[in-house]
Structures are given as structure tokens and as C-alpha cells.
Amino acid sequence: MRALVRETAPLLAEDLIMPYFVVETREKGFMREIPSMPGQFQLGLDALEKRVDSTPGLTTVLLFGLPADKDEKASGAYAEDGIIQQAVRRLKALRPDLLVITDVCLCEYMSHGHCGILTPEGIVLNDATLPLIAQTALSHARAGADMVAPSDMMDGRIAAIRASLDANAFTQTPILSYAVKYASAFYGPFREAAESAPACGDRKSYQMDPGNAREALIEARADIAEGADALIVKPGGPYADVLCRVRRIVDVPLCAYQVSGEYAMLRAAGLKGWIDERAVMLESLLCLKRAGADMIITYYAEELLREKLTR
Ligand SMILES: [Zn+2]
């Protein structure tokens, strides 16, 4: 009876997107645990292949790159043989059915760690950054990415990426936009994982104020108007109200990102024995679905699939 009247379906394997941090290294089998995210790793290419291969039911991954070198033009972001481009080719060769989404941003490739080009005074140049973002997305599509996910938050990036993909015969490659991305302290562990903390300043000039919810609706509508095919709300749990509000006004698929800080809190409390981690984790993901998420990016995806906790 309970199942009959249940409003929100339990988690499905295909709801889940597993994020991976891929490191450009010559070291064979490279795998380094992220101290603030126990159970999560920075992976070399061969270790990445191994993990994907050993996770039955894994349908979708989201790749973040850690290049060997950084510079002030983020060259590694759009290099033909960049770390993401290599990872996409390898994963698509290994598992052609795997849906590979790539994070499109410049911060991990910039020596200063910001998401765009900086003036000597440290100001991010929105319009000058757009061609590099578009070039990065195009190079990912060329490598075989099924979907690109721009996370930079520059104004006009969706239109720039769409134009560049369309002009190069990638009209079918969808854009999953980080439309609603807050300047959140919940990203702390991610910056350690992706080694992408800004060397100076912060990202508050281009990410959203946690106190604002209506602004999220403006961002969501703007990204759809520019050609986004699906939207991300980030972080997930603490912003479930925003997710719910966005759900009411858009018809495209919505994705919640249960971010590094959310994972770190659940994991830490779980390791301490203070909560039933598995139960709380499943509940936290169900709540995101209830709030309106069609898909969820979560660091728990691998574990859920390995332990057959999805339908
Ligand atoms: Zn960035």
C-alpha cells in the first residue's frame, strides 16, 4: 500500500551522475584519496577506467580535470590532448554506452584559479572569457563528450557554447548548465579535490548570493533562453527550496548537485558513528527528487550502485 501511494519514486540507477577528478600524470595506477572527502579519489586515467569498469549499473559520469600545468590562458582546458579530452576518449572506447558529461570551466587550468581571464587588477573579464569557454566545450565534444556542463557562470556563456557547437556540426550535443550556482562555503572540500581554490579574491562576483532565491529564477530563464537543455542547481540539499521554485517555472530536466561539503558532512558523521550514514544519504537524495530533481550529481553514486541500493 505504501508503495502504491508514494509520491516520489525511489532512486533509480539512471538518476545518478558520478563525479570524477581526473589527474594528468604519468604515474601508473595513480589514485590519491581526498582528505576532506574520505572514499573519494583523484584518479589517473587507468585508475579511472578501472573504477568505471568495476561499477555495475553506472550510466553517467561527470568529469573534472586536473592538468599537469596551469597558465594564464587556461591552455589545458581546450588542448586537443588535455586531460579531459584524453579521459573522454578512453571512457568512450571502454564503455561506448556510458554517458560522459564534462565540466566546462577554466579555473582548474588557470594559474590564478579564477573561472575567467583576469585583468592585472584581478577583475574577471566576462566577455573576453567567453571564446575560451566555447572553445573548451567544443574540444570536449570533439573528443566524444555526450553533454557539456559549463560551470563558470559568465554571462552569455550558454549562447557562446551553443553557437560554437552548432557551427561545428555538434547540433545534437546538449548543454547541461550550472544555471543556479551559489557562492557557497559547501564547496570547500571540492576545492581541495580539484585543486582549484582562487589564488586571490573569491568567486562572489560571478556566483550567486545565498540569500537570493528569485535571482535563481532569472538565471534559469536566461540560460534556457540562450539554449540550455537542462539545468543544475548547486548546492543541493541546503538549496532544495530553490530547486523546488525553479522546478515550477521551467520544463527542462533539472539536476541537483549534492556537493562536496554535503558529502563530507554525511561521511564524517557516518565515520564517527553519529548518524546512520546510509539511511541519511538515501533520505538526502530522495529529498532532492521530491524537491524536483530529475537527476542528481552525488559522490555517493558509485557506492549506491555497487551496493545495489537503487532500483
Ligand atoms: Zn570555475
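Residue by residue through segment 56-78, note down the ones that are in contact (Cβ under 8 Å) with a residue 60 or more places away in the chain and surrounded by fewer than 19 Cβ atoms within 10 Å (Cβ to Cβ). Selection gives PRO56, GLY57.
Taking the conditions exactly as written (away from the ligand (no atom under 13 Å from the Cβ), at pLDDT 95 or above, in a helix (DSSP H, G or I) and surrounded by 15 or more Cβ atoms within 10 Å (Cβ to Cβ)), does ALA145 satisfy them or not? Against the criterion (away from the ligand (no atom under 13 Å from the Cβ), at pLDDT 95 or above, in a helix (DSSP H, G or I) and surrounded by 15 or more Cβ atoms within 10 Å (Cβ to Cβ)), ALA145 does not qualify. Only a single criterion out of (1) under 25 Å from LYS181 (Cα atoms); (2) modelled with pLDDT of 95 or more; (3) crowded, with 17+ Cβ neighbours inside 10 Å is not satisfied by CYS107, namely (2). In segment 187-210, the qualifying residues are those that are buried (at least 21 other Cβ atoms within 10 Å of the Cβ) and touching a Ser or Thr at 6+ places or on another chain (Cβ under 7 Å), and the one that is modelled with the lowest pLDDT is ALA193.
Counting only residues that are surrounded by 15 or more Cβ atoms within 10 Å (Cβ to Cβ) and more than 27 Å from ARG245 (Cα to Cα), how many does segment 257-274 have?
Residues in segment 257-274 being surrounded by 15 or more Cβ atoms within 10 Å (Cβ to Cβ) and more than 27 Å from ARG245 (Cα to Cα): 3 in total.
Conditions tested, residue by residue: (1) more than 30 Å from ARG214 (Cβ to Cβ); (2) touching a residue at least 12 places away in the same chain (Cβ under 8 Å); (3) polar (S, T, N, Q).
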residue: VAL124; (1), (2), (3): no, yes, no
residue: ALA143; (1), (2), (3): yes, yes, no
residue: ARG157; (1), (2), (3): no, yes, no
residue: ALA160; (1), (2), (3): no, yes, no
residue: LEU165; (1), (2), (3): yes, yes, no
residue: ALA169; (1), (2), (3): yes, no, no
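Selection of segment 4-59 for residues being part of a helix (DSSP H, G or I) and within 21 Å of GLN85 (Cα to Cα) yields LEU45, ASP46, ALA47, LEU48, GLU49, LYS50, ARG51, VAL52, ASP53. Within segment 94-142, if we keep just the residues that are more than 16 Å from the ligand (Cβ to nearest atom) and in contact with a strand residue (DSSP E or B) (Cβ under 8 Å, 6 or more places away or on another chain), the residue that is farthest from GLY65 (Cα to Cα) turns out to be THR119.
Considering segment 118-142, and only residues there that are among the aliphatic types (A, V, I, L, M) and assigned to a helix (DSSP H, G or I), the residue that is nearest to ALA74 (Cα to Cα) turns out to be LEU132. If you go through segment 282-307 and pick out every residue that is in a loop (DSSP other than H, G, I, E, B) and surrounded by fewer than 22 Cβ atoms within 10 Å (Cβ to Cβ), you end up with 3. Within segment 162-186, being over 25 Å from LEU43 (Cβ atoms), surrounded by 19 or more Cβ atoms within 10 Å (Cβ to Cβ), in contact with a Leu (Cβ under 9 Å, 6 or more places away or on another chain) and at pLDDT 95 or above holds for SER164, LEU165, PHE170, ILE175, SER177. Evaluated against (1) at pLDDT 95 or above; (2) within 14 Å of the ligand (Cβ to nearest atom); (3) assigned to a loop (DSSP other than H, G, I, E, B), ASP81 falls short on exactly one condition, (2).
Does LEU231 qualify as being away from the ligand (no atom under 13 Å from the Cβ), touching a Cys at 6+ places or on another chain (Cβ under 8 Å) and in contact (Cβ under 8 Å) with a residue 60 or more places away in the chain? No. Total residues in segment 148-190 satisfying the condition of being among the aliphatic types (A, V, I, L, M), under 20 Å from MET295 (Cα atoms) and out of contact with any Asp or Glu (no Cβ under 8 Å at 6 or more places or on another chain): the figure is 1.
Residues that are within 14 Å of the chain's Cα centre (by Cα), within 15 Å of the ligand (Cβ to nearest atom) and in a loop (DSSP other than H, G, I, E, B) do not occur anywhere in segment 154-173.
The values are calculated or read from the model by the stated rules, or taken from the named source; none is laboratory data. Just so you know, these numbers come straight off a predicted model, no measurement behind them. Glycine also receives a Cβ, built like all others from the backbone with ideal geometry; neighbour counts cover every protein chain displayed.
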